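The values are calculated or read from the model by the stated rules, or taken from the named source; none is laboratory data. The shown structure was predicted, so the numbers you read here are calculated from the model rather than taken from an experiment. We place every Cβ from the backbone using ideal geometry, glycine too, and count neighbours over all the protein chains shown. With ligands, DNA and RNA removed, areas are computed over all heavy atoms of the protein, side chains included. Shrake-Rupley method; radii C 1.70, N 1.55, O 1.52, S 1.80 Å.
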Amino acid sequence: MADNKIVVNIAGMDYTLISDQDENQIEQIAAYVDKKIREIDNDKLTRENQLVLASLNIADEMYKLLIKHKNLRKEAEEPIENYPKIKEAYEDLEEENQLIKDDFEKSKKDFMESMKKIDELNSTINRLNDEIDKKNKINKSKDENLQKLRENLMSLQEENLDLQKENEDLKRDL
């Protein structure tokens, strides 16, 4: 990989840097160092003292970041250690979830088929109820006719009795 030659300005002085890093990244680092030196800018301090104080401030920030990094790595140890177990448990849950989904889909399909059968049975029940209603009407009509016939029969029987009685009366009178 070709080295990049980059000119940067830090604390009013130009420096030519050679790096295999991205030019934009080098410029950002140089701007950061320049900012830290300007924060220390004080007429009472020599240029050398300003550079040393800026270096100490940068080193302090770096040290704090290293401590933070160390603490984060320590906090990450257990999750990283448990990752295989968690991943395995997750995969087991995914598998179980898929089985539940498949079972749900089967149950849903069975339910839909049952609902279709229920609809068919309801249709049959409605048709049979209509037939029963028609037959009940026919039976009612037949019952009414039967009742009329019985009444007629009773009337005829009474008339027959009257006629028999009259006939007997006539026979006696003869």
Query raised in the report: Using the alpha-carbon atoms, what tilt in degrees (0 to 90, nearest 10) does helix 47-173 show relative to the longest principal axis of the chain?
Result: 10 degrees
Query raised in the report: Under 17 Å Cα-Cα from residue 74, which lysines qualify once same-chain neighbours fewer than 8 residues away are excluded?
Result: 64
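Ignoring ligands, DNA and RNA, please state the percent of accessible area on the chain from carbon and sulfur, probe 1.4 Å.
Looking at the chain in its full context, I get 54 percent from C and S.
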**Report entry** Computed magnitude of the charge dipole of the chain (debye, nearest 20; Cβ of K, R +1, Cβ of D, E -1)
**Finding:** 260 debye
Requested in this report: Compute the Kirkwood hydrodynamic radius of the stretch 3-94, taking the inverse of the mean of 1/r over all pairs of distinct Cα atoms, and give it in Å to one decimal.
Outcome: 16.8 Å
Query raised in the report: Which value, in Å², gives the accessible area per residue of the chain when a 1.4 Å probe is used on the protein heavy atoms?
Result: 91 Å²
Requested in this report: Calculate how steeply helix 23-40 sits against the longest principal axis of the alpha-carbon atoms of the chain, using the helix alpha-carbon long axis, and give the answer as 0 to 90 degrees to the nearest 10.
Outcome: 70 degrees
Requested in this report: Counting helices only, and only those DSSP H runs with n ≥ 4, report the 222 nm mean residue ellipticity of the chain as the sum of -39,500 (n - 2.57) divided by its residues, in deg cm²/dmol to the nearest 500.
Outcome: -31500 deg cm²/dmol
Query - Sorted peptide list for 47-59, 147-159, criterion being average Cβ within 10 angstrom, highest first - result: 47-59, 147-159
